[in-house]
Amino acid sequence: MGKVNQPKLEVGFGTAREDDSFTAGKNAASQAFSMIHASPVAAVMVFASVHYDLNEVLRGIRNIVQDAPLFGCTTAGEICNEPLRESVVVTVLASEYIKVSCGLGRDVSKDWQTAVDDTINATGITPYFHDITYWQELTRKGKLTFAILFSPGNTRNNTSQSYEILEAIKLKSLGRLPVFGGSTADDWRMETNYVLWGDEIFPDSMLLAVFETQLQFGIAMDHGFIPTIHQSTVTSVEGHEVLELDGDPAADVY
């Protein structure tokens, strides 16, 4: 049982845009950590621009959060109450009612199926995919689960397999895991994107973070697309990627 009047969940967030990578990570983490007052840190989520030296960003964050579980990714732009560019955003979740386990799959562009298998067979993740008795125990304890998935976005040389990866995760978990997340990016350079885990950065990789909790939670989505009078016909595709619209390169039409 938690202490009387102690919140069941505390959330802290911070952002920084300093020139120095270590300082940016440290300042963003310091802002986020300053909002946590009573609960143990359950997860530290990091969203960072490839503008920075990512190893130094993680070192700066660790200077503040010590050994708390840490994961995240690089993006095409960060969000912290507003759209940001070339920044570091840190979110801290603190609660004695949350447990987080992560799995990693590497070299996604070479073999995304093997990357998925490596992810779900990681220590701490495998019970959610291979142990029905574990799910029964979760139900008995009144616990729920959800997962955050980061997978590589498109680059100039590789098409994103995010759709296939998500469908595989849903299938292999028998639909038990609500999943949300996104594709990693690199400020639209379209060269290499990264996931962050612990004290390391991993290019061309996927990460699945499974949250186990007794707290209630909800997941929702929206988009900013607005109908227009312009119409186009898809004239060339490759898998799930649209290559041409009305015979012209899709990127130019967009």
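The figures follow:
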{"item": "For q = 0.11, 0.13, 0.15, 0.24 Å⁻¹, Debye-computed log10 I/I(0) when each Cα of the range 1-104 counts as one equal scatterer", "result": "-0.32, -0.44, -0.57, -1.24"}
{"item": "Once the Cα gyration tensor of the range 64-154 is diagonalised, semi-axes √(5λ) in Å", "result": "27, 21, 11"}
{"item": "Computed [θ] at 222 nm, helices only, for the chain once each DSSP H run of length n ≥ 4 contributes -39500 (n - 2.57)", "result": "-7000 deg cm²/dmol"}
{"item": "The range 154-254 pair-distance distribution - Cα-Cα, 10 Å bins, rounded %", "result": "11, 30, 36, 18, 5, 0"}
{"item": "Per residue value of the accessible surface for the range 97-154 (all protein chains in place, 1.4 Å probe), Å²", "result": "49"}
{"item": "Inter-label distance for Asn63 and Glu191, nm, one decimal - labels placed 7 Å from Cα along Cα-to-Cβ", "result": "2.6"}
{"item": "C-alpha center-to-center spacing [the range 175-210, the range 1-61] in angstrom", "result": "18"}
{"item": "Cα-based radius of gyration of the chain once divided by 2.2 N^0.38 Å, which approximates compact folds", "result": "1.08"}
{"item": "FRET efficiency, 1/(1 + (r/R0)^6) with R0 22 Å, evaluated for Phe217 and Glu82 via beta carbons", "result": "0.35"}
{"item": "Per-bin percent of Cα-Cα distances, the range 46-115 [10 Å]", "result": "16, 38, 37, 9"}
{"item": "Measure of compaction for the range 102-205 (Cα Rg per 2.2 N^0.38 Å)", "result": "1.14"}
{"item": "Other-chain or far-sequence residues with amide H under 5 Å of Asn193's (modelled H)", "result": "Asp204"}
{"item": "Gain in span if fully extended, Thr123 to Glu164, counting 0.36 nm per residue against the direct Cα distance", "result": "12.5 nm"}
{"item": "Tyr97-Arg156 FRET efficiency (beta carbon distance; Förster radius 35 Å; 0.05 resolution)", "result": "0.20"}
{"item": "Ordering of 201-214, 148-161 by packing [mean C-beta count within 10 Å, highest first]", "result": "201-214, 148-161"}
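The values are calculated or read from the model by the stated rules, or taken from the named source; none is laboratory data. Everything quoted here is computed from the prediction, not taken from an experiment. Reconstructed Cβ throughout: ideal geometry from the backbone, glycine too, with neighbour counts over all protein chains shown. Calculation scope for accessible area: heavy atoms of the full protein, side chains included, ligands and nucleic acids excluded. Shrake-Rupley method; radii C 1.70, N 1.55, O 1.52, S 1.80 Å.
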